[in-house]
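Values quoted throughout were computed directly from the atomic coordinates according to the rules given, and no laboratory measurement underlies them. Computed from a predicted structure; not experimentally measured. Glycine also receives a Cβ, built like all others from the backbone with ideal geometry; neighbour counts cover every protein chain displayed.
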Amino acid sequence: MFALSGIKTELASHIPKFALILPVGISFYTFQSMSYTIDVYRGRLKPTENILHFFSYLSMFPQLVAGPIVRAKDLLVQLEQDRNVSSHQRWNAIKMMAYGMFQKVVIADNLSLFIDSAFEGKTAFDGSAFWWVVMIAFSFQIYCDFSGYSLIARGLAKYMGYHFKMNFNHPYLSLSLREFWTRWHISLSTWFRDYVYIPIGGSRRGMVMGLIALWVTMLLSGLWHGANYTFIVWAAIHALFSSIERLTKWNKSWSKSRFSDLLIPIIFVQALVAWVYFRAADIDQANSIVGKLFSFAPSDFGFTQVYLNAMVVLALALLIELSILVRKRSTAAAVLYKRSHVDIAFVSLSIVACIFFRGEGAQFIYFQF
């Protein structure tokens, strides 16, 4: 059921059932194989003459199920020579896996019960403040869940001597939505940029065509996530806010002022509103939640006690992001982070937290895409 301007339509009932069946393998695996084929067709990549290298590229296990998407030009050249892994590389691999596991089992998994209870109507709590906390929690759940998976995959590959590019770079510290998409799921966003946005014209053909290319790319990204109207609206919200950003350039001058960091919560709220539709079961539920977010109706803050574990973990996630921001702004903090004993302490704490403070195991969110 889809409601628009008071008109409700049962679109699903008019679509043949066979048209609702998604192609087998519409996943990161498919995107990875498509990139090889397209690059070879365009003459940007020489076909590999070693079939074992080709199948190794397609089926390398660390990132096979949920990314990051690895480009053939980046991995095939690594497969052409034996990998001699240094102790420094192994240590970096262990760090990635430890931090990835921490993000997944300590932060994402401990937030899942709180978020699921809210969206499935299994809690008596309601009100504006409650839903703001729920959506902030979901924003960090999906980020830590997928960033954690990507770090584990990159760590496994690095331990074997292979390098996968960074897939997440603290997207919630972005000063614009354009920057957000250069930091969020980088391998997928660059895939859509290179194989959809640029081929249909990108920004080379003027503002209007650039906006059309933006909308087409974002809506296709929404469809890729699932055959549900909620994903289309999620993509449309990002396209709308990005279009306004391009047309008005409202954040450009602000980003150069001493108040530039105020852009961080503004961009975060834009992403958060879109996340409502990404997580909601249907359009009606999403519209209801957005209404509650901005109704500023009173809330019973007793939920902070009922879901104390989730509140503590959410505070920890926010503190970590704040520490990253401080590190970016402070040379002294950046130097401190690079010291070996600090590195060892953080890894050790991450492993201990994974053992003693892990949440109830939950499937990786992006396994469904």
Take the residues of the range 199-226 that are of a type outside the set (Lys, Arg), without any contact (Cβ under 8 Å) to a residue 12 or more places away in the chain and assigned to a loop (DSSP other than H, G, I, E, B): which is surrounded by the fewest Cβ atoms within 10 Å (Cβ to Cβ)? Gly206
Within the range 116-134, the residues that are touching a Lys or Arg at 6+ places or on another chain (Cβ under 8 Å) and surrounded by fewer than 21 Cβ atoms within 10 Å (Cβ to Cβ) are Asp116, Phe119, Asp126, Gly127, Ser128
Consider Ile69 against the criteria (1) under 20 Å from Lys165 (Cβ atoms); (2) surrounded by fewer than 21 Cβ atoms within 10 Å (Cβ to Cβ); (3) in contact with a Ser or Thr (Cβ under 6 Å, 6 or more places away or on another chain): it satisfies all of them except one. Which criterion is unmet? (2)
